[in-house]
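What follows is one structure encoded as structure tokens, with my remarks underneath.
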Amino acid sequence: MLTATLTSPEATGTFARLLADRLVAPALVTLRGELGTGKTTLVRDAFRALGVEGVVASPSFTLAQSYEGAGGLRLHHLDLYRLGAGADAALFAFDDYIDDAALTFVEWPEAGAAELPPADVDVLLEHRTLDSRGLELRAATVLEAALAAAMTAAGIDDACAVAEGPR
């Protein structure tokens, strides 16, 4: 597990770009955290880094939005906040958004937990102060280590740590 403190919205944006630079399709990225922790902002910054030029809006009311990144990369953003667990989630067409050639980011994955495959990257954001966020990331150890090194090199977290554990 990678843990860090993102000390500003700019640091969160830098983290999003560093993560995006290291993702390879297919990948499922889940984002958890309370309202206002920056999940949608993180997705927006990651999609910008992946070549999306238009508006990247929260799909809170539509549940899903798809984009095309650089080189035709398929990107999907799902926001399951308004999706009820159980029957609602069972009816949602997850297969339309999780495939072999796409990067899929899912906010509020708890609602679709029974239907979603295991995440390749799981991000938890927590309020620390008005501007700072706690970050916990679970992914393959090699990705965690690469992100920790990149974050330290970018100067966005001096307390970045990777804890050894099963993954």
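Based on what the data block shows, is residue 78 among the hydrophobic types (A, V, I, L, M, F, W, C), closer than 22 Å to residue 135 by Cβ, free of Cβ contacts under 8 Å to residues at least 60 places away in the same chain and part of a strand (DSSP E or B)? Break it down stepwise before answering.
Numbers: among the hydrophobic types (A, V, I, L, M, F, W, C): yes; closer than 22 Å to residue 135 by Cβ: yes; free of Cβ contacts under 8 Å to residues at least 60 places away in the same chain: yes; part of a strand (DSSP E or B): yes.
Yes.
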Practice prompt. At least 2 residues that are touching a residue at least 24 places away in the same chain (Cβ under 8 Å) and of a type in the set (S, T, N, Q) in each: list the strands (runs of 3 or more DSSP E) lying fully within segment 1-72 that qualify.
Written response: 2-6
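When you scan segment 53-90, how many residues do you find that are small (Gly, Ala, Ser), within 12 Å of residue 108 (Cβ to Cβ) and under 15 Å from the mean Cα position of the chain (by Cα)?
Going residue by residue through segment 53-90, those that are small (Gly, Ala, Ser) are 54, 57-58, 60, 64, 66, 69-72, 84-87, 89-90.
Still in the running and within 12 Å of residue 108 (Cβ to Cβ): 58, 60, 84-85, 89.
Narrowing further to those that are under 15 Å from the mean Cα position of the chain (by Cα): 58.
Residues in segment 53-90 being small (Gly, Ala, Ser), within 12 Å of residue 108 (Cβ to Cβ) and under 15 Å from the mean Cα position of the chain (by Cα): 1 in total.
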Discussion item. Filter segment 34-64 down to the residues that are polar (S, T, N, Q) and closer than 29 Å to residue 128 by Cβ and list them by number.
Written reply: 37, 40, 41, 58, 60
Worksheet item: Where residues in segment 140-167 are part of a loop (DSSP other than H, G, I, E, B) and closer than 19 Å to residue 13 by Cβ, which of them is modelled with the highest pLDDT?
Response: 155
Discussion item. Exactly one condition in (1) part of a loop (DSSP other than H, G, I, E, B); (2) surrounded by 14 or more Cβ atoms within 10 Å (Cβ to Cβ); (3) of a type in the set (A, V, I, L, M) is false for residue 135; which is it?
Written reply: (1)
Worksheet entry | Every residue from segment 118-132 that is in contact with a strand residue (DSSP E or B) (Cβ under 6 Å, 6 or more places away or on another chain), at pLDDT 95 or above and assigned to a loop (DSSP other than H, G, I, E, B) | 119, 120
Item to complete: Determine which single condition residue 149 fails, assuming it passes every other condition in (1) in contact (Cβ under 8 Å) with a residue 24 or more places away in the chain; (2) exposed (fewer than 15 other Cβ atoms within 10 Å of the Cβ).
Response: (1)
Fill in: Residues within segment 81-117 that are of a type outside the set (D, E, K, R), within 18 Å of residue 138 (Cβ to Cβ) and in a helix (DSSP H, G or I), tallied
2
Discussion item. Based on this model, can you work out whether residue 10 counts as at pLDDT below 95 and acidic (Asp, Glu)?
Written reply: yes
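The values are calculated or read from the model by the stated rules, or taken from the named source; none is laboratory data. This one's a predicted model, so the numbers in the text were calculated from it and none came from an experiment. Neighbour counts are summed over all protein chains in view; Cβ atoms, including those assigned to glycine, are modelled from backbone coordinates with ideal geometry.
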